[in-house]
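Working notes, structure below.
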Amino acid sequence: MGSGMSSDEQNARMIAALARIPAVTSILDVVCRVTGMGFAAVARVTEDRWIACNVKDEIDFGLAPGGELKIETTICHEIRDHHEPVVINDVEDSPYVDHHTPAMYGFKSYISMPIILPDGQFFGTLCAIDPRPAKLDNPETVGMFKLFAELIAFHLDTVERMATSEADLSNERAESVLREQFIAVLGHDLRNPLAAIDAGIHTLKREPSLSARGANVLTLLNGAVERMGKLIENVLDFARARMGDGIAVYRTQVAIAPVIAHLVGELRAAYPKCRIVTEVAAMNTIACDPARIAQLFSNLIANAIVHGSPATPVRVQAAVIDRNFEFFVENTGDSISAATMEHLFAPFARAELLPSQQGLGLGLYIASEVARAHGGTLTVTSTEEATRFTFRMPLTA
């Protein structure tokens, strides 16, 4: 308990933990009432310290919570070594008749039960004393003390686990915010040099003496810049979604058919070996954010192209069904495994589950965030025959 802390810090933490357990006060009250003894306490006992954590004092013993006794003057010091309870009805008729502790503190009856935490660590004792003899050495009283000691140990362990969980959660949140802030700053800082490269490529393309080989190289570079630009936008969208209230959308009335046609045209040019079959039903304009909806469509179609079989076409369909706008993309090929499906829309999940694939694994996560921002859903079904991603959005915002 309290790994990495000094002994003083560990003691302070345990005493504070006991102070947060209301049941301890009730336990001490019951101990005094049942046994008739005037002083009861829960003590933290270490190799060199005896510290009162919680006390009930009806005989003016003079010890308050946080008070200490010299460890060598207590019987609890011995209990710490052998982990066994000590029960004395009357000191005069016990093996402790010549012991220095009863004489020093003026008690005749005494009982002390070790408090052992669930991990086996010795915490301290639940003890009681009185200047008069008392009938303590019986199964009922000893059993009660044992039960109460176990109950205190259980509460201490629970409080400690909660404190550790809260600390871990706080650290995790802080690290998460720092990581996402770093991602956002990195994304912004990458834009400027990338814009300079893009401008340089367009300048060189206008050179009249440019060779065919040079033109081909510039075309490749231009494609690389576009891919890097999309990666940066994905990273920034991820940061916005995680650090803010999700991806912001600005709705307007949009004719969906031209948006899909434009995207499919771009993707056919980028993937000339892939066939894309579209079926877009006649419909009125849809209230949506055109840039974000285009991003969602593009991510889904590109995902289907990359992960689908080149032998069969990618199918794209859009229609209005039951006052909902529906858009689906379907491809054939290997079905998505159960392990992958479980985390499919989580950020970076695709990259972790399929490390051989290029990209950061943010495309589907951002697509799902865009769907959510529109009040819609993005779902997936996958069988040996086909994999289908379906975006569904109510027509009424």
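Annotations
- Take the Cα of VAL306, step 7 Å toward its Cβ, do the same at ASN222, and the gap between the two points is 2.3 nm.
- If you plug the beta carbon distance of LEU169 and ALA103 into 1/(1 + (r/R0)^6) with R0 = 51 Å, you get a FRET efficiency near 0.50.
- Summed side-chain charge close to THR381 - residues other than THR381 whose Cβ falls under 11 Å, Lys, Arg +1, Asp, Glu -1: -1
- For LYS135, a cut-off of 24 angstrom between C-alpha atoms picks up these lysines, skipping any fewer than 8 places away in its own chain: LYS56, LYS108, LYS146.
- Extension gain for the segment ARG161 to VAL142, taken as residue separation times 0.36 nm less the Cα-Cα distance, is 4.0 nm to one decimal.
- For region 101-145: rounded, prolate or oblate by the Cα gyration tensor [a/c cutoff 1.5]: oblate
- Taking amide H positions as modeled 1.01 Å from N, with prolines and chain starts lacking one, the residues under 5 Å from THR278 and 5 or more places away or on another chain are VAL316.
- Karplus 3J(HN,Hα) series, Hz, for region 118-124 with 6.51 cos²θ - 1.76 cosθ + 1.60 (x for Gly, Pro): x, 7, x, 6, 7, 8, x
- Estimated dipole of region 103-146 in Debye, rounded to 20 [Cβ of Lys and Arg +1, of Asp and Glu -1, Cα centre]: 180
- The residue among ALA291, ILE276, SER309 whose Cα reaches farthest toward the positive pole of the charge dipole of region 249-309, with charges on the beta-carbon of Lys, Arg, Asp and Glu, is SER309.
- Applying the Karplus relation 6.51 cos²θ - 1.76 cosθ + 1.60 with θ = phi - 60° to region 274-285 yields 3J(HN,Hα) values of 9, 9, 10, 9, 10, 9, 10, 6, 5, 7, 6, 5 Hz, where x marks Gly and Pro.
- In this label model, GLU266 and THR252 are separated by 1.6 nm, measuring between points 7 Å along each Cα→Cβ vector.
- R0 of 35 Å, Cβ-Cβ distance ASP198-THR340: FRET efficiency to nearest 0.05: 0.50
- Cα gyration tensor shape for region 59-111, rounded if a/c is under 1.5, else prolate or oblate: oblate
- Between region 67-106 and region 295-316, the alpha-carbon center distance in angstrom: 80
- Here each label is just a point 7 Å from Cα along the line to Cβ, and for SER211 and LEU151 those points are 9.0 nm apart.
Bear in mind these aren't lab numbers, they're just calculated from the coordinates by the rules spelled out. Quick caveat: nothing in here was measured; it's all calculated off a predicted structure. All Cβ positions, glycine included, derive from the backbone under ideal geometry; neighbour counts span all protein chains shown.
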